[in-house]
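The values are calculated or read from the model by the stated rules, or taken from the named source; none is laboratory data. This one's a predicted model, so the numbers in the text were calculated from it and none came from an experiment. When we count neighbours, we look across all protein chains shown, and the Cβ atoms used for this are built from the backbone with ideal geometry, even at glycine.
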């Protein structure tokens, strides 16, 4: 049988059957590999698309949140400007009130001093009148004694 096998092998070699079998075998093996690689590429494409879609959704949500935050910031900024304007107005009014109070305090001090002066004068007049009455009474007593 060995001779028959060698003859078949030689015949197949001459007719190209061996080459054809090798090509078919090569095609089957590498065809399966290529089909597997193609499936893997399709799977990776699907995963990439899903990842891209998820990322797009997240970015859209993030953009919306950023827009909301900017609107909130603008509203608070507007409120802060209003508060700053109101504070400046209140500080100005406080300075005016302080000046008015200072003027009133000065006027009250002057009035208090004037009243004290009048009170001191009244006491002095009372003392003088009392002294005059005492002198008159003493003079009247002296006159009566004489």
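Can you name every residue in region 100-146 that is assigned to a helix (DSSP H, G or I) and exposed (fewer than 10 other Cβ atoms within 10 Å of the Cβ)?
142, 143, 144, 145 - these are the residues of region 100-146 that are assigned to a helix (DSSP H, G or I) and exposed (fewer than 10 other Cβ atoms within 10 Å of the Cβ).
Pairs only if they're at least six apart or on different chains, beta carbon under 8 angstrom, first in region 120-139 and at positive phi and in contact (Cβ under 8 Å) with a residue 60 or more places away in the chain, second loosely packed, with under 10 Cβ neighbours inside 10 Å and part of a helix (DSSP H, G or I); list them, first residue then second.
Within 8 Å, no pair qualifies.
Which of the numbered conditions does residue 94 fail, given that it passes all the others? Conditions: (1) over 60 Å from the mean Cα position of the chain (by Cα); (2) at pLDDT 90 or above.
Residue 94 satisfies all of (1) over 60 Å from the mean Cα position of the chain (by Cα); (2) at pLDDT 90 or above except (1).
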